């Protein structure tokens, strides 16, 4: 899926691209359906729409685990998956109904900066 800056999800994608132009892939995702609302990739080997669907299951399983552990009052803010050369970040909105999925090269991108960029754009997810 491509994106259009004429909708809120597309504006988020464009904003993150503007702040992190070396990103590998990004998607704004509906947690209920696993569908990308907007996505973009700079890396032909990464399909952000496919990754969005699989990462929706990661989010749902973590939400189930939190429920089983009775972690009431806690919410998932973000999930970090580190690979040998990539960082995969999942930043949820306050209700957990949507998230931004971001892939960056771990050698080219500072984790703290990537997290701050996602934090600054995630407020638009509500």
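Filter region 14-34 down to the residues that are closer than 17 Å to residue 55 by Cα and in contact with a strand residue (DSSP E or B) (Cβ under 7 Å, 6 or more places away or on another chain) and list them by number. Quick ask: steps written out before the conclusion?
Within region 14-34, the first condition is being closer than 17 Å to residue 55 by Cα, and the residues that meet it are 24-34.
Across region 14-34, the qualifying residues are 24, 25, 26, 27, 28, 29, 30, 31.
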Completion exercise
In region 106-120, anything touching a residue at least 40 places away in the same chain (Cβ under 8 Å) and in contact with a strand residue (DSSP E or B) (Cβ under 6 Å, 6 or more places away or on another chain) is listed as 114, 118
Completion exercise
Those residues of region 59-80 that are out of contact with any helix residue (DSSP H, G or I) (no Cβ under 8 Å at 6 or more places or on another chain) and farther than 13 Å from residue 30 by Cα come to a total of 15
Exercise for the section: Please verify whether region 80-96 includes one or more residues that are out of contact with any strand residue (DSSP E or B) (no Cβ under 8 Å at 6 or more places or on another chain), exposed (fewer than 13 other Cβ atoms within 10 Å of the Cβ), closer than 17 Å to residue 9 by Cβ and in contact (Cβ under 8 Å) with a residue 24 or more places away in the chain. Expected result: yes
Exercise for the section: Could you tell me which numbered condition residue 14 fails, if it satisfies all but one of (1) under 15 Å from the mean Cα position of the chain (by Cα); (2) touching a residue at least 12 places away in the same chain (Cβ under 8 Å); (3) over 14 Å from residue 99 (Cα atoms)? Expected result: (2)
Problem - Residue within region 19-32 that is farther than 19 Å from residue 86 by Cβ, free of Cβ contacts under 8 Å to residues at least 60 places away in the same chain, under 12 Å from the mean Cα position of the chain (by Cα) and outside any helix (DSSP H, G or I) present - result: no
Completion exercise
Filtering region 1-11 down to residues that are touching a strand residue (DSSP E or B) at 6+ places or on another chain (Cβ under 6 Å), without any contact (Cβ under 8 Å) to a residue 40 or more places away in the chain and assigned to a loop (DSSP other than H, G, I, E, B) yields 3
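Residues that are more than 12 Å from the chain's Cα centre (by Cα) and under 16 Å from residue 2 (Cβ atoms): does region 63-83 have at least one?
The answer is no; no qualifying residue exists.
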Problem - Unique match (being over 18 Å from residue 119 (Cα atoms), crowded, with 17+ Cβ neighbours inside 10 Å and modelled with pLDDT of 95 or more) among 38, 51 - result: 51
Problem - Sole exception among (1) over 20 Å from residue 47 (Cβ atoms); (2) modelled with pLDDT of 95 or more for residue 122, by number - result: (2)
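The values are calculated or read from the model by the stated rules, or taken from the named source; none is laboratory data. All figures in this text were calculated on a predicted structure; none of them were measured in a lab. Methodologically, a virtual Cβ is constructed for each residue, glycine included, from the backbone with ideal geometry; neighbour enumeration extends over all protein chains shown.
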